[in-house]
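The values are calculated or read from the model by the stated rules, or taken from the named source; none is laboratory data. Treat the numbers as computed from the prediction; the structure is a model and nothing was measured. Quick reminder, even Gly has a Cβ in these numbers, built from the backbone with ideal geometry, and neighbours come from all protein chains shown. We work out accessible area using only protein heavy atoms, side chains counted, and drop any ligands, DNA or RNA first. Shrake-Rupley method; radii C 1.70, N 1.55, O 1.52, S 1.80 Å.
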2 protein chains.
Amino acid sequence: MSDRRTQILDAAATLISERGFTSTSVDDVIKGAKLSGKSHFYHYFKSKEELGYEVLNRQFERFAERGLAILREPMIDPLERLNLFIDAVVALQSESGGRRGSPFGNLAAELADAHEGFRVRIEAVFERWASQIRSLLWEARPQLHDDVDAVRLSRFIIAALEGAVLMTRVKRDLSVLEGIAADLKRFIAMHVRDGAAMQLHRHLEDAGSLPHGIARNMSVSSVAG
Amino acid sequence: MSDRRTQILDAAATLISERGFTSTSVDDVIKGAKLSGKSHFYHYFKSKEELGYEVLNRQFERFAERGLAILREPMIDPLERLNLFIDAVVALQSESGGRRGSPFGNLAAELADAHEGFRVRIEAVFERWASQIRSLLWEARPQLHDDVDAVRLSRFIIAALEGAVLMTRVKRDLSVLEGIAADLKRFIAMHVRDGAAMQLHRHLEDAGSLPHGIARNMSVSSVAG
DNA sequence: TAAAATTAGGACCGTACGGTCCAATGCGCA
DNA sequence: TGCGCATTGGACCGTACGGTCCTAATTTTA
């Protein structure tokens, strides 16, 4: 992959995450990537659409590096990893001051109905994400209730996070995301075997500021039960 | 309010909820509302922006009629109303086959960053929505734990629903929303006083098909406790 | 019946968009 | 030296967009 290509992709990713795909013109991308003109751009990408697809993949890979990688850490208790992952999403959002949304959620809302090509690709991204969480839940299954539905729970986690990011953008208030993240952790804790963690959560209203706390308690409770 | 105006607003609402605001042209609206030409449109609206604002308000009012009205029903137990409301959101989404998203979430994702005028108005819509849920929770406070944070819980409910609708659109699968709705009910049940409802929820995995069930049990448990 | 509001229809404008084409210039590499 | 790729720069095209202006017919209302 040439230098210029990634340069263009980076510039496009920033612009698209700020203004959306439709509202980002090829000329904007050219300016952002400091290209000489359109022919320079079309030397690397055959269309704006193709650029969009590649940006989407690239965004996922970045997200995978920073967020999803946590879900795979083999040395940490799986449920603790899940909490760390939620913290990572919050942290990622903090960097843009709550202004920029999830790069997938944005595109999803903008293009899911209008553009089938994007819809399919975004669906695939969500599926890859969900499958990461599912396999983590599978790993944590000794600690969880027998009737926990990993498919449903993974979807719930993603939906809650996407919705939280959206509301955070609208309100321009990071505390919205922080609050929902903490509640989400409590919801997950609800699925942990025996009552210990379920009673516990009420003493951990400030779970957001103690991200490691809950998960450790989860492990303890599962060992106890 | 003249007949034509509402006709235009209806057509615009449909188009915008299908394609988004940016991708809906004034000419599209004119075709949709069967107007004779642009001058006819601009006779009623001074700009496309103004149209958008009014559509947003109108969408909220419709949503308020069908969905939010349930939250205010004085004769039904408040927590049961909350479950009925969640069912109503699912039903609303079913009508478009899961294709059309929440009219607010769509606009929020599309315009929150790009257009301050819309952002502020969408924020106001969410706030009105959240305040309805807050006052319901206030009404239900004898049944709830003392430490329930109504502001946070109302935000969580809205975020989860918005995220669920978004994912349903992307996957084109209504069962996603149904599953998340059921989980959301369980999350709410988690805030109910004493352990009865919390143990109960595990026997009500199919809460989605028994919307009245949980809430009735909530009332019972709160009476018992 | 006259004034006022609504409907109709079209020409027009400036701008922006995605995309094409072309000609010229560097540039490294065999 | 020559081949091929990267870069530069700009003209150009068709289309679509939001919005204005103007005239005339039709309907409503006082």
| request: Could you figure out which of (1) in the same structural domain as B:R5 (by TED's automatic domain parsing); (2) within 14 Å of DNA strand D (Cβ to nearest atom) isn't true of B:K34? | output: (2)
| task | Out of the residues in segment A:34-48 that are outside any helix (DSSP H, G or I) and basic (K, R), state the one that is surrounded by the most Cβ atoms within 10 Å (Cβ to Cβ). | result | A:K34
| query | Out of segment A:8-49, which residues are polar (S, T, N, Q) and under 28 Å from B:A112 (Cβ atoms)? | reply | A:T14, A:S17, A:T22, A:S23, A:T24, A:S25, A:S47
| task | Output the number of residues of segment A:68-105 satisfying the condition of being of a type in the set (A, V, I, L, M, F, W, C) and within 14 Å of chain B (Cβ to nearest Cβ). | result | 4
| request: Please go through segment B:90-103 and pick out each residue that is open to solvent by 40 Å² or more (accessible area, probe 1.4 Å) and assigned to a helix (DSSP H, G or I). | output: B:A91, B:L92, B:S94, B:E95
| query | Do the conditions hold for A:L51, that is, is it more than 16 Å from DNA strand D (Cβ to nearest atom), touching a residue at least 12 places away in the same chain (Cβ under 8 Å) and assigned to a helix (DSSP H, G or I)? | reply | no
| field | Number of the exception - A:S25 against (1) away from chain B (no Cβ under 14 Å); (2) within 13 Å of DNA strand C (Cβ to nearest atom) | value | (1)
| task | Looking only at segment A:7-14, decide whether some residue is out of contact with any strand residue (DSSP E or B) (no Cβ under 8 Å at 6 or more places or on another chain), within 16 Å of DNA strand C (Cβ to nearest atom) and within 14 Å of chain B (Cβ to nearest Cβ). | result | yes
| field | segment B:125-172 - residue that is touching a residue at least 24 places away in the same chain (Cβ under 8 Å) and outside any helix (DSSP H, G or I) and, of those, most open to solvent (accessible area, probe 1.4 Å) | value | B:R172
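Considering only segment A:106-124, how many residues are within 7 Å of another protein chain (Cβ to nearest Cβ) and either open to solvent by 30 Å² or more (accessible area, probe 1.4 Å) or farther than 17 Å from A:R19 by Cα (or both)?
Restricting attention to segment A:106-124, the residues satisfying the condition of being within 7 Å of another protein chain (Cβ to nearest Cβ) are A:106, A:108-110, A:112-114, A:119, A:122-123.
Next, from what is left, pick out any that are either open to solvent by 30 Å² or more (accessible area, probe 1.4 Å) or farther than 17 Å from A:R19 by Cα (or both): A:110, A:113-114, A:119, A:122-123.
Selection size over segment A:106-124: 6.
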| task | For B:K31, state whether it is basic (K, R), in a helix (DSSP H, G or I), away from every other protein chain (no Cβ under 12 Å) and loosely packed, with under 13 Cβ neighbours inside 10 Å. | result | yes
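Yes or no, residue by residue, for (1) within 16 Å of DNA strand C (Cβ to nearest atom); (2) in a helix (DSSP H, G or I); (3) touching a His at 6+ places or on another chain (Cβ under 7 Å); (4) free of Cβ contacts under 8 Å to residues at least 24 places away in the same chain:
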site	(1), (2), (3), (4)
A:F21	yes, no, no, no
A:Q59	no, yes, no, no
A:P74	no, no, no, yes
A:A88	no, yes, no, yes
A:G105	no, yes, no, no
A:G117	yes, yes, no, no
| said: If A:G117 satisfies all but one of (1) touching an Asp or Glu at 6+ places or on another chain (Cβ under 8 Å); (2) farther than 28 Å from A:T24 by Cβ; (3) of a type outside the set (D, E, K, R), what's the number of the condition it fails? | reply: (2)
| query | From the list A:E65, A:E50, which one is more than 14 Å from chain B (Cβ to nearest Cβ) and more than 16 Å from DNA strand C (Cβ to nearest atom)? | reply | A:E65
| Under the condition of being in contact (Cβ under 8 Å) with a residue 12 or more places away in the chain and open to solvent by 60 Å² or more (accessible area, probe 1.4 Å), which residue from segment A:63-72 is nearest to A:A12 (Cα to Cα)? | A:R66
| task | Identify all residues within segment A:1-19 that are among the small types (G, A, S) and either free of Cβ contacts under 8 Å to residues at least 24 places away in the same chain or buried (at least 16 other Cβ atoms within 10 Å of the Cβ) (or both); write none if there are none. | result | A:A11, A:A12, A:A13, A:S17
| task | May I ask you to list the residues in segment B:1-53 that are under 26 Å from A:R19 (Cα atoms), of a type in the set (D, E) and at pLDDT 95 or above? | result | B:D27, B:D28, B:E49, B:E50
